[in-house]
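So the structure is just underneath, and the comments pick up after that.
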Amino acid sequence: MEPLRRFDRSTSLFIGLLIVSFLVATIDVRSQGAGLGDTLRDGTQALFAPLQEAASVVTRPIVGFVDGISNIAGLREENERLRDRVRELEAQVQDVAGLQNRLEELERINNLDPPADLAAITARIFSVGISEFDHIRWIDRGTDDGVVVGHTVIDEDGLVGRVDFATDSRARVRLISDPRNGVGVRDLDTNETGVVEGQGSGPLRLRMFNPEQSVERGHLIVTEGGRYAPGIVVGSVAESASAEAGFSLITDVTAAVDFSRVDFVKVIVGWLPSDFTTPDPLEPPPEPPEPFQGS
Amino acid sequence: MAGKHVVFALLLTLGGLVVQSSLFGESRIDPFGAAPNIVLLLVLICAAYLEPEPALLVAFTTGLLADLLGGSVIGLWALSLVVVAYVTLRVRRRIDDGVIVVAAGVLALSVLGQALFAIAGTLFGQQVFADPGWYRQIVLPSLYNVVMAVVLIPIVSRIMGGRQVRRMV
């Protein structure tokens, strides 16, 4: 350890910066992400988004290559009789296959009919969170495209998340796997309602309001409405559960969406959540764009 | 000369932020469900070469930007990275003790930074520990950081002009 006297000034600065960090965090929590925090996020996004988008384009082949490598590793035993020459060719094909997957996903998502024919726009994910603790995605659509905070985000498999911050040209989507996210849901088989909560990297957690009615493995769970557009598949019950007397019914749900493979999403701009508020109460909500024209 | 190094350090950590958010993480490179925390690693390495006050300010600025680009409460990464930089400043003499000590230091400081974020995040309502795999999200990125340090330490050292700056302090 270096002598403390050498760090007199730096120790003071260290303590000062800790206090500032705590103050900033407290202010941000109290303002619930609005106010100065929003402005700063807006500015930082405007500054970094072009760099992130460029980096995303540049690094896509690397990501595809690594993805390809892991696929090859998984099939190694099955393919061990193949010659080295074939392996080399497979490695080269991985990049092409990655592009093909992206193309197919984009095609599938453009053929997707949003629930109840709600207007929706397609967006591309260009950036993810800064750390393992972030369960967010940045998309290349913003308020200029009709995206506002609260809009539901889906992909071809089901519910992805909800827009929780939007700038003119970009928006942040908080995934349903985020522990701070709760989704009002309905069991399609029993018609009972409940709440699905995120658990980060773990499965989603389902709490049913009526503990008397059991849920069975494989039951399909869809959104109930309220904060999310209704009727969107959230996932399926991973484990059957029945409540013990007087206790709430809790079980796991396997998300319909594989969050690690989402590249393109749809933002349902034709539906506003129950907790949506306009910046000025005298102004009407923003006009949604033209209805989605998916085939 | 010192000013130049501060600018280099800032550019490095800003580059780290861009790389972190576009190359690593879910739906990017994410082996075993976790990715290295490049930003934390770069702050740590830069702190080994910068003078104390600039090192702390670089860590704070980088942390603040990480908060603004991520989905967490503003100030949490700033706090964590400032602590990592400060501890690095206090122990950086041990760099001369060899590769294993450096690797252990990178691992310990990475765990410290990640754990601090998780704890501070919980205090501010981030519910980090609601994730059943929280320990993996702290340990795995730290292990990856040790591997990444093998590549990044020589690069940063070259950019910072070897150990001259560190010895000036």
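What is the helix-to-structure angle for B:52-69, meaning the angle in degrees between its Cα long axis and the longest Cα principal axis of chain B, kept from 0 to 90 and rounded to the nearest 10?
Here the helix axis deviates by roughly 30 degrees.
May I ask you to derive the relative contact order of the stretch B:10-165, considering only C-alpha pairs under 8 Å and at least 6 residues apart, and to give it as an integer percent?
26 percent
In peptide B:75-88, how many Cβ atoms from other protein chains are near each Cβ within 10 Å, on average?
5
Could you give the radius of gyration (one decimal) and Dmax (whole number) of the Cα atoms in the stretch B:53-100, in Å?
Every Cα atom of the stretch B:53-100 included, Rg and Dmax give 12.8, 38 Å.
Run the dipole for the stretch B:53-110 about the Cα centre, Lys and Arg Cβ at +1, Asp and Glu Cβ at -1, nothing else charged, and hand back the magnitude in debye, nearest 20.
Rounded to the nearest 20 debye, it is 140 debye.
If you line up the long axis of helix B:99-123 against the longest principal axis of chain B, both from Cα atoms, how many degrees apart are they, to the nearest 10?
Its long axis makes an angle of about 40 degrees.
Hey, fewest Cβ within 10 Å first, where do A:156, A:104 land in order?
A:104, A:156
Using only atoms on other chains, find how many Cβ atoms lie within 10 Å of each Cβ of peptide B:123-131 and report the average. Please list the in-between numbers first.
Values: counts 3, 5, 3, 6, 9, 4, 2, 9, 11.
Per-residue shielding by partner chains comes out at 6.
Viscosity 1.002 mPa s, temperature 20 °C: Stokes-Einstein D of the stretch B:62-169 from its Kirkwood Cα radius, in µm² per second?
D, rounded to a whole number, is 142 µm²/s.
Among B:74-85, B:4-15, how do they line up by average Cβ neighbours within 10 Å per residue, starting with the highest?
So the peptides B:74-85, B:4-15, ranked by packing, come out B:74-85, B:4-15.
Specify the angular offset, from 0 to 90 degrees and rounded to the nearest 10, of the alpha carbon long axis of helix B:2-23 from the longest principal axis of the alpha carbons in chain B.
30 degrees
Taking just the alpha carbons, could you work out the radius of gyration and Dmax for the stretch A:167-266, both in angstroms?
Reported Rg and Dmax, both Å: 14.0, 51.
Please give the average number of partner chain Cβ atoms lying within 10 Å of the Cβ of each residue in B:59-70, rounded to a whole number.
6
What share of Cα pairs, in percent, lie more than 26 angstrom apart in the stretch B:1-129?
Counting every Cα pair in the stretch B:1-129, those more than 26 Å apart make up 18 percent.
Each value in this text was obtained by applying a stated rule to the coordinates, not by laboratory testing. Please read these numbers as outputs of a predicted model, since none were measured by experiment. Note that each Cβ is placed from the backbone with ideal geometry, even for glycine, and that neighbours are counted across all protein chains shown.
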